[in-house]
């Protein structure tokens, strides 16, 4: 077999494996074999780039990062649906349909309404060429590269119609959503509110590799346009899409509106069983000819309606309020309620969000409350029956100390959350470790969230200091590690001992002390011991260090947990010396903006030189900007500087300025 034939064979095998895994949910190829074959295909295509095709499995996650999203005009509008909010309104919809069709027999297709992001997929001669968001229904955004990362979207179809456009709903499976938020929590990033929000955000990432990491899926539910093909019913179109290897929406044909109503209620009762969120059910006239007769209003098709499930509310009683400490140290109160059946599941707990939420609604232990599922996912309390409040109840207040480690708690700057300040709080162990090892902190290559979780789970590491006491045998024994990977990890941990004080301060995770503040403090004090000895007046004399940051530093250093962590690192041989250049004052008070590509420096290097001379670096141009340094292909920041009359420096002029300084 020559290499051209091998490439085609591998593509077919990988395409079939993707279809079985992501569409049929019945994999026959192991992950190992899949990865091995994909690597071989990448090697062969690297040797023969002229043989690379757009539908190759290697093209699902490209390296292309878009500058922005181009507008796409939809040849057939992606209409929205008229909502109905009760079975009575659904019956009225049915009557309007039958009146317009003058007694014709009508059947309906009923589908769950996926709570995701609507998109159109376009194929030419069987190849996927473009995908776009719904937008306003007539114009959307080109998100082709991101859609290619969804494994359940076929890149090549068995039947090569001249042109086919299908409509589907991109969603984030519930399991993927939970995993994504856990990872974001570990990294200290804002959490997504719900799967729909996460799916929409993922589709609008300019880098398709980010979209690929989000583990999205799609369900296809309509043919918008099919050149060279005719159908008589909606059911026929769905059966055709299944034959073309699309993942098609679950659907049921109903002969009467009563059957449709029953199916809607079944979806509502079974919604917990779906891997995706639903916020209703869609009822569509099955006959395509009847759809033509019914037509559309200016806003909606007359042949379809979206039934919206009302949020189910029931009374229960608050038995207790317990406080959990999350991985980022946030204290989250939770109401323990008497069991109540909601949206198909039995609810025994309800989120209370934070102290402000509890205070606003005056929720107390013993209260009778109204409970509902927010977004049909998370049980929450929406009201209190004060008329049923027993005597002797008292307002609830979150504790002043962490219920896990006993450290003091502090309120966030925005006032929304109360957070444990403990440097070695067991509840935050994993998050502290991930942050400590991250690139901008101690930069321990190979020590990502998965390895940190394995180390904590094996009870080999309780805090950052334990990293420096790991042995080869123990690390190599972790799942998916092996001797060579363990050796590389231990070498990276050893190297991090000399990362320097600036990185170490950021790695500590002290409130208000970010990457830049760590560098500034390291440059000013030189050693950790000198910094620990500084009083508030000395700290606030440092540029960019205000009273809040100074007090946060002093409180952190005064904590018993912090002192234990510091001594643990000192004993391990971690350097407490600064590697930062002493800060000068030649550029003090001057703010620089860097734009375009520089030849002699990266932007980070240029920024470091400015900060070492006492200057500041900003990401946006304003009247307070002293200079804009413009490299090749400088864009809007250069234009704004010219409009405001701000001095613009070439790279040569910038170099002379810092050399003179």
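For the chain, the mean residue ellipticity at 222 nm estimated from helices alone is -10500 deg cm²/dmol, where every DSSP H run of n ≥ 4 contributes -39500 (n - 2.57) and the total is divided by all residues, rounded to the nearest 500.
Given R₀ = 35 Å, what would the calculated FRET efficiency be for residue 296 paired with residue 273, taking r from the Cβ atoms and rounding to 0.05? Using R0 = 35 Å, I get an efficiency of 0.55.
The angle between the Cα long axis of helix 31-47 and the longest principal axis of the Cα atoms of the chain comes to about 80 degrees, rounded to the nearest 10.
Full extension of the chain between residue 488 and residue 586 gives 31.0 nm of extra length, using 0.36 nm per residue less the Cα-Cα distance.
Here each label is just a point 7 Å from Cα along the line to Cβ, and for residue 73 and residue 159 those points are 2.9 nm apart. Computed from the Cβ-Cβ distance with R0 of 45 Å, the FRET efficiency linking residue 351 to residue 100 stands at 0.45.
Full extension of the chain between residue 515 and residue 289 yields a length gain of 75.0 nm, computed as 0.36 nm times the residue separation minus the alpha carbon distance.
Highest-first packing order for the peptide set 528-538, 417-427 is 417-427, 528-538, based on the mean count of other beta carbon atoms within 10 Å. Computed packing ranks the peptides 264-273, 434-443 as 434-443, 264-273, most packed first, by mean other Cβ atoms within 10 Å.
So what does log10 I(q)/I(0) come out to for the chain at q = 0.12 Å⁻¹, using the Debye formula with one equal point on every Cα and no solvent? Summing over Cα pairs of the chain leads to -1.39. The modelled label-to-label distance for the pair residue 334/residue 579, using points 7 Å beyond Cα in the direction of Cβ, is 4.1 nm.
For the stretch 634-654, the residues whose backbone nitrogen is under 13 Å from a point 7 Å from the Cα of residue 620, taken along Cα to Cβ, are 637. Taking the longest Cα principal axis of the chain as reference, the axis of helix 174-186 is set at about 10 degrees. Evaluated at q = 0.08 Å⁻¹, the base-10 log of the normalised Debye intensity for the stretch 421-583, with identical point scatterers placed on the Cα atoms, takes the values -0.23. The modelled label-to-label distance between residue 92 and residue 341, using points 7 Å beyond Cα along the C-beta direction, is 3.0 nm. Helix 651-660 and the long axis of the chain differ in direction by around 20°, with both axes built from C-alpha atoms. Cβ-Cβ distance of residue 187 and residue 362, R₀ of 22 Å, FRET efficiency by 1/(1 + (r/R0)^6): the value works out to about 0.05. With the cut-off at under 18 Å, measuring from each backbone N in the stretch 289-331 to a point 7 Å along the Cα-to-Cβ line of residue 388 picks out 312-321.
Read the figures in this text as sums done on the coordinates, not as results from a lab. All values reported here derive from a predicted model rather than from experimental measurement. Because the Cβ atoms are built from the backbone with ideal geometry, glycine has one as well, and the counts that use them run over all protein chains shown.
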